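Comments concern the structure below.
A short reminder: the numbers here are calculations on the coordinates, not readings from a lab. Quantities reported herein were computed from a predicted structural model and do not represent experimental measurements. Cβ coordinates were reconstructed from backbone atoms using ideal geometry, including for glycine residues, and neighbour counts include every protein chain displayed.
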Amino acid sequence: MAKTLTLKDTAFYRSAPNVEAIPCSLFGVLFVGRSNAGKSTLINALTGQKQLMKTSQTPGKTRMLNFSSVGDKFFLIDSPGYGFEKSRDYFEGLMDGFFQKYVGEKGLLRAIVMVMDSRRALENPRAIGQGDGMMEEYANNYGIPVIAVFTKVDKLSSSEKLRLKQKYADSHPDCLYFLCSPKDQDTYKKLGMTIVDVGCGRKIELH
């Protein structure tokens with residue numbers, strides 16, 4: 001019997017500091033989020049590898065697109081965090097090039113995983129912040145489905161979690177979303193299975 005593919009089968013493949021270095025050999029799932037939203041930490045938790053993606057307390061530390069292969073079936077792609085003014089021009093240039101080449105020319109992107117700090121999301125009318133809207137625009141322009149992941153929900157009260165769910169569901173009825181905390185391994189497992197399904201081209205249910 002063939003082994004079931006999981007995100008534990010992920011291995012680092014290549015870093016791309018510019019458009020020319022972007023590999024186009026596999027389909028991909030792109031992780032995006034503001035600096036220090038917990039994006040790299042989330043990828044490490046999902047793959048069970050503490051050092052797959054380097055984490056830092058310094059905003060703007062990730063400066064490249066990092067590609068990791070999931071069982072040679074698809075790429076997990078970690079992008080630089082946005083919202084850090086010093087690297088804004090570099091980030092926008094890199095992402096414009098990525099979407100034009102990997103998505104527009106090759107049609108290889110299967111989903112965008114938008115990682116958001118749940119505390120910051122609660123402060124915004126549509127549960128997304130500045131920069132996240134830019135990523136939504138990319139997704140809409142290229143017809144790419146979005147999976148929203150709210151991190152650090154252990155910092156929220158039960159009523160705040162409920163309010164966040166309602167706010168995002170109302171403003172994004174066609175998007176799948178997950179609320180993640182370090183102690184909730186069931187949610188991590190469901191999210192990981194969803195990403196594998198999407199990366200392999202299988203259809204998923206929104207609810």
Problem set entry | Whichever aspartates and glutamates have a C-alpha closer than 17 Å to that of LYS73, once near sequence neighbours (fewer than 8 apart) are set aside | ASP9, ASP197
Seminar exercise, completed: Cross-link reach from LYS155 to aspartates and glutamates, straight Cα distance under 15 Å and at least 8 residues apart if same chain, gives ASP117, GLU123, ASP184
Seminar exercise, completed: Ranked from fewest to most other Cβ atoms within 10 Å of their own Cβ, GLU136, GLU160 fall in the order GLU160, GLU136
Exercise. About its Cα centre, how strong a charge dipole does the chain have in debye, to the nearest 20, once Lys and Arg get +1 and Asp and Glu get -1 at the Cβ?
Worked result: 620
Problem set entry | Estimated translational D of the chain in µm²/s (Stokes, Kirkwood radius over Cα pairs; 20 °C; 1.002 mPa s) | 125
Problem set entry | Volume of the Cα convex hull of the stretch 119-159, divided per residue and given in Å³ | 81
Exercise. Which links in LYS3/LYS106; LYS50/LYS203; LYS8/LYS39; LYS3/LYS39 stretch past 25 Å when you go from one Cα to the other?
Worked result: LYS3/LYS106; LYS50/LYS203; LYS3/LYS39
